[in-house]
Amino acid sequence: MIPAPNTVLSFALNFSLVCLSLTYLAALYRLIRGPSIPDRIIVIDLVASATIGIVLTLIIITGETIYINVALVIALIVFMGTVAFAKYLKKTVKND
Amino acid sequence: MIILGSLFMLVAALGVIRLQDVYMRMHAITKASSLGIVFYLLAVIISCFSWNTLIASVLVMVFIVATAPVASHMIARAAHMMGIPMSKGYVMDHLRRDLDKNKTEEENAGVSGGLEA
């Protein structure tokens, strides 16, 4: 299902892609400027959310619903990564 | 639904740029982006409905809503233990108080144990 141009749905899809791109830019800004390590770690969370959003938008654009599994796997892996980083940070604090 | 989800994502992005310290940024990212993903999933359920999609979407939704607060809490705790300064204007800091109390209790226990030995 490819939405016809100049409808509400196509406007919404374009708007969502623009917003997600702005989210990526904000994440990049914070990744470069971030004053501390936790700043850069929470950027991982934001980038994962934006990636899930892009995957879901592409599902609506193309109609290939099988890609919902991609969103599921991204959500699982990112949680693991975030918890691992938090454990690592705590361990470095204890060693100091 | 898609527009709502995009707006929440945009709020998360603005929060990341504008807010002042780690804790505020985490607050912005966690809640706004998980709500945005929930709206995106509702849009997918509405636009291409099938049982597979419904089950997978509900699974993603439950997982996001369950794990985003846990992850953000763990990172906030680690950041606090690293001693990253809070910006001005916070009224109270209960975790610092509790950590200090635990430390003094441990020191007292160590001293008394040493005396007994």
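Listed here are the residues, each with its yes/no results for (1) under 24 Å from B:His27 (Cα atoms); (2) at pLDDT 80 or above.
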position: A:Ala4; (1), (2): no, no
position: A:Phe11; (1), (2): no, no
position: A:Leu22; (1), (2): yes, yes
position: A:Leu58; (1), (2): no, yes
position: A:Glu64; (1), (2): no, yes
position: A:Gly81; (1), (2): yes, yes
position: A:Lys87; (1), (2): yes, yes
Of all residues making up region A:19-40, the number that are over 13 Å from the mean Cα position of the chain (by Cα), part of a helix (DSSP H, G or I) and either among the small types (Gly, Ala, Ser) or within 8 Å of chain B (Cβ to nearest Cβ) (or both): 5
Candidates A:Thr57, A:Thr82 - the one that is out of contact with any strand residue (DSSP E or B) (no Cβ under 8 Å at 6 or more places or on another chain), under 20 Å from B:His73 (Cα atoms) and surrounded by 15 or more Cβ atoms within 10 Å (Cβ to Cβ): A:Thr82
Flag for B:Ile29 being within 7 Å of chain A (Cβ to nearest Cβ), crowded, with 17+ Cβ neighbours inside 10 Å and under 10 Å from the mean Cα position of the chain (by Cα): yes
Region A:1-42, residues that are over 25 Å from B:Val44 (Cβ atoms) and free of Cβ contacts under 8 Å to residues at least 40 places away in the same chain: A:Leu28, A:Tyr29, A:Arg30, A:Leu31, A:Ile32, A:Arg33, A:Gly34, A:Pro35, A:Ser36, A:Asp39, A:Arg40, A:Ile42
Members of region B:35-61 found to be under 15 Å from A:Val78 (Cα atoms) and more than 7 Å from chain A (Cβ to nearest Cβ), listed by number: B:Met61
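The values are calculated or read from the model by the stated rules, or taken from the named source; none is laboratory data. Please read these numbers as outputs of a predicted model, since none were measured by experiment. Virtual Cβ from ideal backbone geometry, glycine too; neighbours counted across all protein chains shown.
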